[in-house]
């Protein structure tokens, strides 16, 4: 009988302890985010060693009154330099992507020219690829050679004509010229596409450096598309490729 009574007492005590524990947990305040973060960092002292980039972005002022401590100034300079380097890297990556796209487009244009069976076919290929893939609004192909019987007359221009003389002046350097050239008769070059042409690229075509036999003229509605400060390496490569292709047709006649 005593044993049963003691068992009941022990059971009551156990239940009271559980109730007290539950009550204690119910009133225990929840940890805020700051405390949770602090506890995590305390439990993981190597966290910032494994996340150096995060550490570099933290602002941790040093107690130095109203003055800025030397180490804080040094850290600020390093962060600024790091930001500049990231910006430069992003710019270089974008340039690399743009160059890769230009190379792929140039390859496409080269393959298109290789399939051409005449000068007129080259003109069509240039118009299609350059206008579709290179943000060109109009193209004009002009040759300073005797007209070829089975080729359209508009492809050939006499050097003594106004257009021939103006082109000859621009081609004097044998290098591509970019900008807007007021004396060029745009109507004669681009016909119905001449409206709103605001910038031009004049690309010389030559067999040898001093033997220029024509020009490829590119026109754009965008005044900044072809400007005097832009690089001309792509235009030079285009001129060399087209010159090589057209020279084969010209030599046959």
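The values are calculated or read from the model by the stated rules, or taken from the named source; none is laboratory data. Values in this document were obtained by computation on a predicted structure and should not be read as measured data. Positions of Cβ are generated from backbone atoms using ideal geometry, with glycine treated the same way; all protein chains shown enter the neighbour counts.
Data for the structure
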{"quantity": "Top-ranked residue in the range 179-188 [being touching a helix residue (DSSP H, G or I) at 6+ places or on another chain (Cβ under 8 Å) and under 16 Å from residue 222 (Cα atoms); ranked as surrounded by the fewest Cβ atoms within 10 Å (Cβ to Cβ)]", "calculated": "181"}
{"quantity": "Of residues in the range 109-123 being surrounded by 13 or more Cβ atoms within 10 Å (Cβ to Cβ) and free of Cβ contacts under 8 Å to residues at least 60 places away in the same chain, the one farthest from the chain's Cα centre (by Cα)", "calculated": "120"}
{"quantity": "Selection status of residue 123, in contact with a strand residue (DSSP E or B) (Cβ under 9 Å, 6 or more places away or on another chain), modelled with pLDDT of 80 or more, part of a helix (DSSP H, G or I) and in the same structural domain as residue 225 (by TED's automatic domain parsing)", "calculated": "yes"}
{"quantity": "Single unsatisfied condition, residue 135 versus (1) within 30 Å of residue 101 (Cβ to Cβ); (2) not in a loop (DSSP other than H, G, I, E, B)", "calculated": "(2)"}
{"quantity": "Among the candidates 153, 191, 166, residue that is out of contact with any helix residue (DSSP H, G or I) (no Cβ under 9 Å at 6 or more places or on another chain) and without any contact (Cβ under 8 Å) to a residue 12 or more places away in the chain", "calculated": "153"}
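Yes/no per residue for (1) over 29 Å from residue 103 (Cβ atoms); (2) outside the structural domain of residue 133 (by TED's automatic domain parsing); (3) out of contact with any strand residue (DSSP E or B) (no Cβ under 9 Å at 6 or more places or on another chain); (4) in a helix (DSSP H, G or I):
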site: 166; (1), (2), (3), (4): yes, no, yes, yes
site: 188; (1), (2), (3), (4): yes, no, no, yes
site: 197; (1), (2), (3), (4): no, no, no, no
site: 213; (1), (2), (3), (4): no, no, no, no
site: 227; (1), (2), (3), (4): no, no, no, no
site: 238; (1), (2), (3), (4): no, no, no, yes
